[in-house]
Each structure stands twice: as structure tokens, then as C-alpha cells.
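In what follows, a structure is listed as C-alpha cells, so that the remarks can point back to it.
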Amino acid sequence: MEDQYVILTGSKNNAGDFLIKHRAKKLFSELRSDRKIIDIDAWKQFSDEELEIVNNSRALILMGGPALQFDMRPKVYELTQYLNDIKVPIISMGIGWKSREGEWRSSHTYKLNEPTLELLKRIDSSGYCSGVRDYHTLNILLKNKFSNFLMTGCPALYNTDFIRKAFDTNIPIINISYSLGVSFVESDSMETSMKENILGLSSFFKEKNFQVVFHHSLKKEVYQSSPEHDKFYKKHVEFQAWLNDNQINYKDISGSAEGLIEHYQKCDLHIGYRVHAHIFMCSESRLSVLLNEDGRGKALKYVISGLMFDAYELVKNELKLPNLNNKLYLKAINKIYLALLPSVKYQIEMKGHPFLTEDIIQNLSYEIENAFPRISATRKNIDLNYLQMKKFILQLP
């Protein structure tokens, strides 16, 4: 057996996924320099050669991201057909839930399929403590009777060069970045809200360097060909065109941790939807305001506090079916349809917060005038949570 860990990571395109891997490897180098790190793509099934590497390691570590989903196995971690083929401890590190609603009550009704529960049982019985990135995720596991987990936070939260290093609240704010979310791909209301944010903030910071940041690529060749990916790419390119029409500067930092780090290290203030832009800024005691578009950001607030806004609400609308009463056989089909699929009577729509831009500007102005009381509070919480992450890493085999 080799003195090494195999880590499974999900970095493909999104800059934040690369940051998770980058920071995790740095933590291992600082706290467990006795272990070599082998990085394997999480979404692929192990080849025979990869399985041999895994089984010749001290542990298989499932790394970060919103991995705790209904179909965590096999969608997020395909692994092997039979878990028993993996002979070493399976341990999670900083994984989190994926919830559209994102409220605490959502953790009580969170569903997991049987293969996922089988994987979690294996993790829970590994003999070693596993890590999750927030308390909502921890509560899901506790409700499912899994007890061998620790809330460590996301690995990306920790740059040890900045532990216990206070915010410089006197720094001049010159370079401002607005990170674009992804909910605009499916919601016209969210797209309108983001454009209102950008126009309002660019006006508020008209004497400064204001820039919109894409964490997903604007290059078509990066995306796999599918209706879902084609729409995702198309909506991003359309947003890019809107920025050009409105003479708003923008930048694509997708595809690497280095691109994210290089950009935000030159940034004095981040405002936006990308959780890992916010995490990076807070990890280096820099100013950041997070706009939540799902449960990841909502859960993060309970971990590090800070200045955050829920940028959306979910609205339940009755699904309007066509009037089929004029033809008897269509009326019968309609009755069967409603009987078999009662949940289709309603659709959930994502609506942007109508006062979001106003709230951002008013509260940010207050923070600036009062030495950033909410924003700077994240430092103490990150430092405290680092103790849990350190405890987790040091107990690994």
C-alpha cells in the first residue's frame, strides 16, 4: 500500500470547482505532507487501472461540491458497479447538498436514492470521520441516522496565509466585480433582476472599475453537445451581447483555479451569485456580498455569516392546460392525465427579488460608512471552522 490518497474531484468548466481542488491540495501539502495526492475525475467509472490505484491507497476521498444529491451515486460519483470492489476507506471532504429552495425545512424532506444511501453507509462505517461543508447537509445526514460526519466547511474557505488576518477596512474600493449567476438560463425574471443589478451597480460605481465576471465559459467548444448544454451556452452568449450593447466590461475566468485567483486577488469588492467567488474573497479577508440563487449560499450564511441577500423566491403557479372540452376523446385523455400526474397541476417558477438592487446599494453604503461590520465578521467564523477542517485532515489514515 502506498502512502497516498485518491481524491475524486468534479472540475470541468466552472472556476469554483477548480478552486476547491486547488485549496484542498494545498491543505494536504501543509497538514499531511506524508501523503501523495492522486486526482481522478469524479464523474467517470473507475478503469481497472484506476481501481488498482485506489485500492493501493490509504483512502478514497470524495472532494467538495454539491455532491449530496438524490442520485449522488451514480450521477456524481459513478465509482464501480459494486462498492465492495473498493477495499479502502471511503471518506467525504467538504461535500454539500443541492437544494433549489434552500431553507432549513428542506433538509427534513431531502430525498436520497438507494445507491446513494448504500454509499453513505459505507462512508459512515469507514472508521474515520468524514467532512461536510454546511449544517444543512449535516442535518440531512443526521436525519438519515449517519453520525460519523463533521462540519468542516468547504476546503476553498481556507488559505492558511490569512488565518487570523483581519480585514483592512480602510482599503480604497477601486476594482469591483459582479459575478453572474446561472439561474437566468431558466428564469426570465432572474435574468431581468441580474441586468437591473448590473445597470444599478455600474451607475453607483461609475467612477470605479466595474466588471461582470463569467465563471462558466463563453467558448462553445468547452460544452458537450446536448439540448441542455446548447441552451446554457446560448444564454451566456446572449448575456455577453447585452453587456456589449450596454458597454459593460466583462471577463471569462472559467476553466482553472488560477484564473479565478488571479482575477479576485486584484478585486477590492465582489458582489454576485458565484458562491466560490464569495468564498475566495472571504478566505483572503477581502470584501464580498453574496446573492443567493439556491441553497448553497443560504447554507453558507450559517457557516461564515457575512452580508448576503436571498435574490429569489419560488412561486407556485397553476399549470394552465388547454381547453379540451370540445372533443370528447381529448377530454377523456385530459382526465387520465390529471389523475396520473397530479403534481403536474402546478409549476414552480423562480422570481427575482424586486428590491434587490436597492437593498444591495443601501446596505453596502452602510457597510462602507461603518467599517464593514457584517462583511468583516466572516473572518472569525472561517478561523473557527478551520480548526474543524484541521482536526478532520489530521485524523485521516
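The values are calculated or read from the model by the stated rules, or taken from the named source; none is laboratory data. Since the structure is predicted, the reported quantities are computational estimates derived from the model, not experimental observations. Using ideal geometry, Cβ is built from the backbone for each residue, glycine included, and neighbour counts are taken over all protein chains shown.
Scan region 220-255 residue by residue and report those that are part of a loop (DSSP other than H, G, I, E, B) and either touching a residue at least 24 places away in the same chain (Cβ under 8 Å) or not assigned by TED's automatic domain parsing to the domain that holds Ile173 (or both).
Listed by number, the residues that qualify are Tyr223, Asn246, Ile248, Asn249, Ile253, Ser254, Gly255.
Taking region 370-392 as the region of interest, how many residues are among the basic types (Lys, Arg) and in contact with a Gly (Cβ under 7 Å, 6 or more places away or on another chain)?
1
Quick one: would you say Glu284 is acidic (Asp, Glu), crowded, with 24+ Cβ neighbours inside 10 Å and in contact (Cβ under 8 Å) with a residue 60 or more places away in the chain? Break it down stepwise before answering.
Numbers: acidic (Asp, Glu): yes; crowded, with 24+ Cβ neighbours inside 10 Å: no; in contact (Cβ under 8 Å) with a residue 60 or more places away in the chain: yes.
No: the conditions fail for Glu284.
Would you kindly identify the strands (runs of 3 or more DSSP E) lying entirely within region 126-216 that contain at least 3 residues that are more than 22 Å from Gly352 (Cα to Cα)?
Details: elements: 130-132, 149-151, 175-179, 209-214.
In region 126-216, 130-132, 149-151 are the strands (runs of 3 or more DSSP E) which contain 3 or more residues that are more than 22 Å from Gly352 (Cα to Cα).
Among the candidates Ile140, Ile91, Ile95, single out the residue that is in contact with a Lys or Arg (Cβ under 7 Å, 6 or more places away or on another chain) and either under 19 Å from Gln388 (Cα atoms) or assigned by TED's automatic domain parsing to the domain that holds Leu27 (or both).
Going through Ile140, Ile91, Ile95 in turn, just one is in contact with a Lys or Arg (Cβ under 7 Å, 6 or more places away or on another chain) and either under 19 Å from Gln388 (Cα atoms) or assigned by TED's automatic domain parsing to the domain that holds Leu27 (or both): Ile95.
Tell me which residues, restricted to region 80-119, are hydroxyl-bearing (Ser, Thr, Tyr), in contact with an Asp or Glu (Cβ under 9 Å, 6 or more places away or on another chain) and under 23 Å from Glu50 (Cα atoms).
Thr116
Here are some residues: Phe149, Phe162. Which one is surrounded by 14 or more Cβ atoms within 10 Å (Cβ to Cβ), within 30 Å of Glu207 (Cβ to Cβ) and either under 23 Å from the mean Cα position of the chain (by Cα) or of a type outside the set (A, V, I, L, M) (or both)?
Within the list Phe149, Phe162, the selection yields Phe162.
Does Thr137 satisfy being touching a strand residue (DSSP E or B) at 6+ places or on another chain (Cβ under 6 Å) and touching a residue at least 12 places away in the same chain (Cβ under 8 Å)?
Values: touching a strand residue (DSSP E or B) at 6+ places or on another chain (Cβ under 6 Å): yes; touching a residue at least 12 places away in the same chain (Cβ under 8 Å): yes.
Against the criterion (touching a strand residue (DSSP E or B) at 6+ places or on another chain (Cβ under 6 Å) and touching a residue at least 12 places away in the same chain (Cβ under 8 Å)), Thr137 qualifies.
Here is a check on your reading of the model: is Tyr386 under 21 Å from the mean Cα position of the chain (by Cα) and either in the same structural domain as His270 (by TED's automatic domain parsing) or within 30 Å of Arg32 (Cβ to Cβ) (or both)?
So Tyr386 fits the description; yes.
Which numbered condition in (1) in contact with a helix residue (DSSP H, G or I) (Cβ under 8 Å, 6 or more places away or on another chain); (2) modelled with pLDDT under 95 is the only one that Asp41 fails?
Tallying (1) in contact with a helix residue (DSSP H, G or I) (Cβ under 8 Å, 6 or more places away or on another chain); (2) modelled with pLDDT under 95, Asp41 fails exactly one: (1).
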